Amino acid sequence: MTVQIRVFAHLKTVLGAETLSADLSEGASVAELLGYLQEVYPELRRWRSSVRVAVNWEYVPADTALQEGDEVALIPPVSGG
Amino acid sequence: MRYLTYEVLSADEWHREAMSEHSGASVEFLVVRRLEHGTPIEYLEYEAYEPMAERMIEQYIQQAQEQFGLSRVYFRHRLGKVRVNEIAVIIGVHAPHRDQAFAGCQFLLEALKRDVPIWKVQAGYLEPPTT
């Protein structure tokens, strides 16, 4: 299955893109996606502890199972206001 | 977009709404930045994960209305380049009593700063920052 990944703020520099896609096995979790991304983008490990993940516009825990076509967002610490 | 905008903000619309209330208390919180990390700036640039930010703000407004009995909420956040002395954020609330209005306004501000996916991505400094 394929999921779309949105990237924001300084993470765009870390990953070198604003949007990515990843091909994962059926039922892969958010944690598995993050593991995959950290293999491809080792620099992401530095930021992992501060990054929250949203799926289809809602924050989710790492054990959330992903589905085909999900929009996954890597959300670094917010700084609005 | 309802709560996010790339246009210059004015508090006039909120003030007209607040003045239309016949009783109770209105509280507003404005963000106007002139410094970033203690250094004078020319502008700050904001970006957002727009659909998620809009949805989260809507959810927090509904929660604040229920929790604090707010009768009116006005919430706007600028995106893009916000020049010094321009308003970056307006949070205005109206409630039957002042303690509800103050608490509701603070609730929304804290929610914004904790959870809503908006970022300051760049500051235009008037002079090199002293770090």
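Of all the listed residues (A:Glu26, A:Glu39), the sole one being loosely packed, with under 12 Cβ neighbours inside 10 Å, part of a loop (DSSP other than H, G, I, E, B), of a type outside the set (Lys, Arg) and over 12 Å from the mean Cα position of the chain (by Cα) is A:Glu26.
When the stretch B:89-127 is filtered for residues that are closer than 12 Å to B:Tyr46 by Cα, aliphatic (A, V, I, L, M) and surrounded by 21 or more Cβ atoms within 10 Å (Cβ to Cβ), the ones remaining, listed by number, are B:Val89, B:Ile118. Does at least one position in the stretch B:21-39 carry a residue that is within 25 Å of A:Val53 (Cα to Cα) and within 14 Å of chain A (Cβ to nearest Cβ)? No.
Somewhere in the stretch A:48-59, is a residue away from chain B (no Cβ under 11 Å), of a type in the set (D, E, K, R) and either assigned to a loop (DSSP other than H, G, I, E, B) or surrounded by 13 or more Cβ atoms within 10 Å (Cβ to Cβ) (or both)? No, because not a single residue in the stretch A:48-59 is away from chain B (no Cβ under 11 Å), of a type in the set (D, E, K, R) and either assigned to a loop (DSSP other than H, G, I, E, B) or surrounded by 13 or more Cβ atoms within 10 Å (Cβ to Cβ) (or both). Just to be sure I understand, how many residues within the stretch A:3-23 are crowded, with 17+ Cβ neighbours inside 10 Å, not in a strand (DSSP E or B) and not charged (D, E, K, R)? Here the count works out to 5. Any chance the stretch B:50-67 includes a residue that's acidic (Asp, Glu), part of a loop (DSSP other than H, G, I, E, B) and surrounded by 14 or more Cβ atoms within 10 Å (Cβ to Cβ)? Looking through the stretch B:50-67, none of the residues is acidic (Asp, Glu), part of a loop (DSSP other than H, G, I, E, B) and surrounded by 14 or more Cβ atoms within 10 Å (Cβ to Cβ). Of the residues making up the stretch A:18-35, none is under 25 Å from A:Ser79 (Cα atoms), out of contact with any Asp or Glu (no Cβ under 9 Å at 6 or more places or on another chain), within 14 Å of chain B (Cβ to nearest Cβ) and at pLDDT below 95. Restricting the stretch B:75-87 to residues that are in a strand (DSSP E or B) and surrounded by fewer than 20 Cβ atoms within 10 Å (Cβ to Cβ) leaves a set whose member that is farthest from the other protein chains (Cβ to nearest Cβ) is B:Arg83. Scan the stretch B:45-94 for residues that are at pLDDT below 95 and either in contact with a Gly (Cβ under 8 Å, 6 or more places away or on another chain) or among the hydrophobic types (A, V, I, L, M, F, W, C) (or both) and report the count. Total meeting the criteria: 1.
The values are calculated or read from the model by the stated rules, or taken from the named source; none is laboratory data. Remember, predicted model here, so these are calculated numbers, not experimental data. All Cβ positions, glycine included, derive from the backbone under ideal geometry; neighbour counts span all protein chains shown.
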